[in-house]
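Take this structure, written in structure tokens, and hold onto it; I'll ask about it next.
Please treat every number below as a calculation from the coordinates, not as lab data. This is a predicted model, so every value here is computed, not measured. Here the Cβ positions follow ideal geometry from the backbone for every residue, glycine too, while neighbour counts run over all protein chains shown.
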Amino acid sequence: MIEKKKSWKEIPIGGMITEAGNASKYMTGGWRIFRPEKNKIKCINCLFCWIYCPDSSIIVKDEKMVGFDYEHCKGCGICAKVCPVKCIDMKREEK
């Protein structure tokens, strides 16, 4: 028996992401070509990177940026672009 594939009209808008927050189980960091790296000396903890990150991949603890969630970071570079002190460098991802 051949299984009938769903047409695009039968798939909910947003595909399989049908409720808020359920995209967190999709590890999308493997898409990256560049990864952000923080210069701890330059960082002033303004948290602009956290505000603008579309993937919620900036890890904050005690009101300080402590790192990146590389399992979800897609390497878009927005964090590096909005940083007023340029403490985030985009480095080529190494396999």
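From the backbone phi of segment 53-68, what are the Karplus-calculated ³J(HN,Hα) couplings (6.51 cos²θ - 1.76 cosθ + 1.60, θ = phi - 60°) in whole Hz, Gly and Pro given as x?
5, x, 10, 6, 9, 8, 8, 10, 9, 6, 6, 10, 6, 10, x, 10
With only alpha-carbon atoms counted, please give the Rg and Dmax of segment 26-92, in Å.
10.9, 32
Follow-up. What are the ³J(HN,Hα) couplings of segment 70-81, residue after residue, when phi is run through the Karplus curve with 6.51, -1.76, 1.60 and θ = phi - 60°? Round to Hz, x for glycine and proline.
Coupling constants for segment 70-81: 6, 6, 10, 5, 9, x, 5, x, 4, 4, 5, 5 Hz.
Residue 66's amide H: which non-local residues (gap 5+, or another chain) put their own amide H closer than 5 Å, with H modeled 1.01 Å from N in plane and none for Pro or chain starts?
It is 59, 60, 61, by chain and number.
I need the peptides 67-75, 55-63 ranked by packing, meaning the mean over residues of other C-beta atoms within 10 angstrom, with the highest value on top. Let's see the in-between values first.
Numbers: 67-75: 17.4, 55-63: 13.7.
The densest-packed peptide leads the list: 67-75, 55-63.
Another one. How large is ³J(HN,Hα), in whole Hz, for each residue of segment 83-94 in order, when computed from phi with the Karplus curve 6.51 cos²θ - 1.76 cosθ + 1.60 and θ = phi - 60°, using x for Gly and Pro?
Calculated HN-Hα couplings, in order: 5, x, 10, 6, 8, 10, 10, 9, 10, 4, 5, 9 Hz.
Place a +1 charge on the Cβ of each Lys and Arg in segment 26-92 and a -1 charge on the Cβ of each Asp and Glu, then give the dipole magnitude about the Cα centre in debye, rounded to the nearest 20.
Numbers: 12 positive and 7 negative charges, 66 e Å.
In total the dipole reaches around 320 debye.
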